[in-house]
1. On a full-extension model of 0.36 nm per residue, what is the gain between ASP190 and GLU322, subtracting their alpha-carbon distance, rounded to one decimal in nm?
2. What is the Cα centroid distance between the stretch 44-94 and the stretch 164-238, reported in whole angstrom?
3. Show the residues, 5+ positions off or on another chain, whose built amide H is closer than 5 Å to the amide H of LYS193.
4. Rounding to the nearest 10 and keeping the result within 0 to 90°, find how far the Cα-based axis of helix 212-221 lies from the longest principal axis of the chain.
5. Relative to a virtual label point 7 Å from the Cα of LEU54 in the Cα→beta-carbon direction, which members of the stretch 1-25 show backbone nitrogen distances below 15 Å?
6. For helix 85-94, what angle does its Cα long axis make with the longest principal axis of the chain, in degrees from 0 to 90 and rounded to 10?
7. Among rounded, prolate and oblate, which fits the stretch 37-172 when a ≥ b ≥ c are the square roots of the eigenvalues of its C-alpha gyration tensor, a/c under 1.5 means rounded, and a/b larger than b/c means prolate?
8. With a 10 Å radius around each residue's Cβ, average the other Cβ atoms per peptide and rank 192-204, 35-47, highest first.
Amino acid sequence: MKRIFSGMQSTGQLHLGNYLGALRNWVKLQQDYECFYGVMDLHAITVAQDPKKLAQNTREVAAAFYAAGIDPKRCAVYPQSAVPEHTYLNWILNNHTPLGWLNRMTQFKEKASKNKDQEVLGLYAYPVLMAADILIYKATHVPVGEDQKQHLELSRDIAGAFNRHYGVDYFPLPEPQIMGEATRVMSLRDGTKKMSKSDESDYSRINLTDDADAIATKIKKAKTDTLPFPATLDELKTRAEADNLVTIYATLNNEAKEAVVNRFAGKTFSEFKTSLIEVAVANLAPITKRMADYMADPAEIDRMILKSLFRAREVAEKNMKEIKQIVGLWSAD
Ligand code: AQP
């Protein structure tokens, strides 16, 4: 069976971009693949986190996975820090990653440019840890949003560099799976910026914990231009904010963007937004409700994590033994 790895950082509450760009697709993929879904708490600390909140955020992300429909009986769902082989392999892969490759990564430039205090080695080296996250399971496929494509390509390059260096065909070159229409959901306040957990404005995103009132307020306040609703797909493409809202609508409602444009052409944005609120609440309210139930019982989340963590550890430990042999590291067995 083909194997999938993907993960989400526990940097805050998951939002509609995480859901439509990744999580919703993960739920579909669990039917056909062996899946490892990590809560990436070691990636989270590449920017400053409050130690009092981090473990709780990690539980909350796991709860969002379960609430969205990830079945822990089929998939491993676990915090990254609970499988130390991720960081062990990270160190080995550091030695097969030329600095020039890391210098090209746009996410480091974007995040570090926002804050000079964030120019730390961990943030710079983040893509190598991401390669280790994937390769420790010898994953063949990685479902991600568009923003992670560059990191995925680097993971393939690092896997190839390791294989060539040791003259082995050990790591498969992982394939990115960028699925559906909503591969890059944009901020509700600025159609040129991606929706992000770390955006200062809570109005820029719909969180998976938002109730119906919050969703309605955020959609009503979402930025649009002053022109009437676009009449054609070509026109939509030239209007970032409208395009984003139509993409959200179409993806949540499982229909083509063209069908949405045809339905609302000639109507007002306010009519469109009223309908979008209905669609968003109908889709997200059941997830929000299930998340609230899980979050009311954090001990149960921990028990659920422990039930599937062993699968990740089993595969990671076995592969690490093989990798140590390839590299020539000492072992008594
Ligand atoms: N706006 C988005 N549209 C589509 N997909 C998205 N993803 C994130 N934002 C969008 C996808 O969600 C998965 C998990 O991402 P992550 O939490 O590990 O980190 P990120 O991509 O850096 O997400 P954020 O929200 O922007 O986090 P912060 O603010 O902490 O950096 C990935 O598959 C990603 O593609």
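The values are calculated or read from the model by the stated rules, or taken from the named source; none is laboratory data. Only a predicted model underlies this, so the values are computations on that prediction, with no experimental measurement involved. Please note: Cβ atoms are built from the backbone with ideal geometry, for glycine as well, and neighbour counts cover all protein chains shown. With ligands, DNA and RNA removed, areas are computed over all heavy atoms of the protein, side chains included. Shrake-Rupley method; radii C 1.70, N 1.55, O 1.52, S 1.80 Å.
1. Working: separation 132, 0.36 × 132 = 47.52 nm, distance 4.77 nm.
Once the chain is fully extended between ASP190 and GLU322, it gains 42.8 nm.
2. 22
3. It is SER187, by chain and number.
4. Helix 212-221 sits at roughly 70 degrees to that axis.
5. Taking a point 7 Å out along Cα→Cβ of LEU54, the residues of the stretch 1-25 whose backbone N falls under 15 Å are 9-12.
6. Orientation of helix 85-94: about 80 degrees from the principal axis.
7. Details: a/c = 1.85, a/b = 1.16, b/c = 1.59.
Verdict is oblate for the stretch 37-172.
8. Values: 192-204: 15.5, 35-47: 23.4.
In decreasing order of mean packing, 192-204, 35-47 become 35-47, 192-204.
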